[in-house]
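Just below is one structure, and these are the notes that go with it.
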């Protein structure tokens, strides 16, 4: 498997590939929770944690080998850009899995910072009060989403950005869209039709793989963040039940991703 984390800039409604690179942690102690951290030339990292609320707690199963979700608040600056966000992180469990997930999530913020100038980056919120968090911890995967809101000086409005990552807890390798579906092109077409039916606000969803660059597995289905108009939040979270896309899944993938 190869590595792929994607950012989608709301203003352009396009996803950009991000490399998952190891990034140094400038944090204090963090306790089990659910979400965040950052980098810069000048940075102040305030790590804290409290038990996750029922609404934001990740899907977790016992065989997660001691992996715990974290909420790590991070603030700092890089040039003329400032940020104050929460980054999904995990503690415990296999070191390779933990490092791959944490560095991948850290890279989502670093890659947003690189091209930015005169920009303020804060936590974003999508429909159904979706925020940055560790979404899923099962025997076989660890997954999460980073949702940021960024505003460039002089812009007409702020935008939301979304990045997701799903890590195979057995190999520490990212799980890609192409690892999930036998025919990614056909799967994208089926997903687009399902998304538009489940939430007509998303319609018309482009029936292409790029529309589903950001996704995480949940027990109930394939949870994806589809690009929509800015007035709708830039991205709309929609869960497509596994049963609706069963014919497109590779053998054993649903069990591997959802633990069921």
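The values are calculated or read from the model by the stated rules, or taken from the named source; none is laboratory data. Computed from a predicted structure; not experimentally measured. Cβ placement follows ideal geometry from the backbone for every residue including glycine, while neighbour counts extend to all protein chains displayed.
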Test of understanding: among 211, 178, which residue is at pLDDT 95 or above, assigned to a helix (DSSP H, G or I), under 20 Å from the mean Cα position of the chain (by Cα) and under 23 Å from residue 123 (Cα atoms)?
211
Restricting to segment 233-258, name every residue that is in contact (Cβ under 8 Å) with a residue 60 or more places away in the chain and within 19 Å of the chain's Cα centre (by Cα).
233, 234, 235, 236, 237, 256, 257, 258
Options 156, 116; residue that is out of contact with any strand residue (DSSP E or B) (no Cβ under 9 Å at 6 or more places or on another chain), free of Cβ contacts under 8 Å to residues at least 60 places away in the same chain and surrounded by fewer than 24 Cβ atoms within 10 Å (Cβ to Cβ)
156
Looking at this structure, is residue 63 surrounded by fewer than 18 Cβ atoms within 10 Å (Cβ to Cβ), within 13 Å of residue 169 (Cβ to Cβ) and either touching a strand residue (DSSP E or B) at 6+ places or on another chain (Cβ under 6 Å) or modelled with pLDDT of 90 or more (or both)?
no
Residue 171 passes all but one of (1) in contact with a strand residue (DSSP E or B) (Cβ under 9 Å, 6 or more places away or on another chain); (2) within 24 Å of residue 68 (Cα to Cα); (3) not in a strand (DSSP E or B); which number fails?
(1)
What are the residues in segment 214-232 that are over 16 Å from the mean Cα position of the chain (by Cα) and surrounded by 20 or more Cβ atoms within 10 Å (Cβ to Cβ), if any?
228
Criterion (out of contact with any helix residue (DSSP H, G or I) (no Cβ under 8 Å at 6 or more places or on another chain), closer than 23 Å to residue 228 by Cβ and not in a loop (DSSP other than H, G, I, E, B)) met by exactly one of 165, 147
147
